[in-house]
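First up is the structure itself, then whatever we jot down about it.
Derivation of every value follows stated rules applied to the coordinates shown; laboratory data play no part. Every value quoted in this text rests on a predicted model; they were computed, and no experiment measured them. In this analysis, Cβ positions are derived from the backbone assuming ideal geometry, glycine residues included, and neighbour counts consider all displayed protein chains.
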Amino acid sequence: MNRVISFASGKGGVGKTSLVANLGTLFSKQGEKTLLVDADWSLGKLGILFGKKPKWTIDQVLKGEITLRDAATEVSPTLSLLASPSGVEGFEELGETARQQLFFELDGLKDAYDWVLLDHSSGIHHGVLPFAAAAHQHVIVTTCEPTSYTDAYAIMKLLSKRFGVKEFALVVTMAGDRAEAGRIMDRFIDVAHSHLQVRVRLLDIFSWEPKMAEAIRRQTPFVDLYPNSDTALRLEKLSQSIALAVPAPTNGLRFFYQDVVTSNSL
Ligand SMILES: Nc1ncnc2c1ncn2[C@@H]1O[C@H](COP(=O)(O)OP(=O)(O)OP(=O)(O)O)[C@@H](O)[C@H]1O
Ligand SMILES: [Mg+2]
């Protein structure tokens, strides 16, 4: 049974895709079979970070041209990537039937991978929320700017009120001053706890890393380019704490999804 982790944010450009690409690379290097799902339905670009131009996308899976299992692009023997189409209008608002089909197909892969990491588009689309809600762990990515954590709060509010998600993990990126960011996030977590009755665990705060952009330009994961840097070591620690934080699930994605759709009326 694999473990499914969702990476979401309210505001865009906070570093979700970079995080997913690097964590996926680290899991796969530990011999864990990992599938990265580009759930940025209409502007998928996860493949770019690995210098891959996937032959198949989720769009073709939904059209029945290929099975989801065969649509995954191999990045390495233990790392695969399921791409989203880029520039397909309206794809972010997948209909209920299409969404359900995708969930069931993903669930069918539960014995093929140890980890499934979902890289969402930013914001609060109907296409994002049920997918995000069905995961075993919910990682919210934010910077410590008010515009970013206010949006992070909004997405947690929706996930908790509409989908009953009560536990979140938080990753802060691009911090100028990590101590100051820590103080801001402590307050943020207190507010979320008292207003939303959710538990938020701060996993880590990443400093502004100028070489992250270079990794994207060179289409190589940061942890491969600079494996001994402070940021890469922090990413490695993060991968370990995520692995420890997510207990081996007894139910797959399908179970959670059915639970999610029956408990609210999207
Ligand atoms: N810790 C960091 N320090 C500095 N820059 C970063 C950091 N993490 C990511 N970036 C940069 O921020 C930009 C956005 O990153 P990325 O695409 O990973 O964000 P995203 O949240 O997935 O964006 P979107 O919401 O558009 O999908 C990239 O140029 C990346 O290089
Ligand atoms: Mg992204």
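For the ranges 142-148, 223-229, what's the packing order if you count other beta-carbon atoms within 10 Å of each residue, average per peptide, and put the highest first?
Listed from highest to lowest mean packing, they are 142-148, 223-229.
Membrane-span-like helices in the chain: DSSP H runs reaching 18 Å or more (Cα, own axis), mean Kyte hydropathy at least 0.0?
16-29, 230-245
Anyone know which of Ile205, Ile189, Ile58 comes out most mobile in the 10 Å Cα GNM of the chain?
Highest fluctuation of the listed residues: Ile189.
So, in Å, what gap is there between the alpha-carbon centers of segment 164-206 and segment 228-243?
After rounding, the separation between the Cα centres reads 18 Å.
Leu36's amide H: which non-local residues (gap 5+, or another chain) put their own amide H closer than 5 Å, with H modeled 1.01 Å from N in plane and none for Pro or chain starts?
For Leu36, the qualifying residues are Ser80, Leu81, Leu82, Leu117.
Enumerate the calculated ³J(HN,Hα) couplings along segment 130-139 in order (Karplus 6.51 cos²θ - 1.76 cosθ + 1.60, θ = phi - 60°), each rounded to whole Hz, writing x wherever the residue is Gly or Pro.
x, 5, 4, 5, 7, 6, 7, 9, 10, 9
Looking at the chain, what % of its DSSP beta bridges pair antiparallel, to the nearest 5?
10
Spelling out what I want: for every residue of segment 67-75, take phi, set θ = phi - 60°, compute 6.51 cos²θ - 1.76 cosθ + 1.60 (Karplus), and round to whole Hz; glycine and proline get x.
7, 4, 4, 7, 7, 5, 8, 7, 9
Residues with amide H under 5 Å of Arg201's amide H, sequence separation 5 or more or different chain, H placed in the peptide plane at 1.01 Å from N; which?
Counting only residues 5 or more places away or on other chains, the set is Phe168, Ala169, Leu170.
Contact order normalised by length for the chain, with contacts defined as Cα pairs under 8 Å and 6 or more residues apart; what percent is it? Please report the intermediate quantities before stating the final value.
Working: 492 pairs, mean separation 74.2, N = 266.
Result for the chain is 28 percent.
What's the Cα-based Rg to Rh of the chain, Rh via Kirkwood?
Rg/Rh for the chain comes to 0.94.
Amide H neighbours of Arg3 under 5 Å, at least 5 residues apart or on other chains, H built in the peptide plane: list them.
Trp115, Val116
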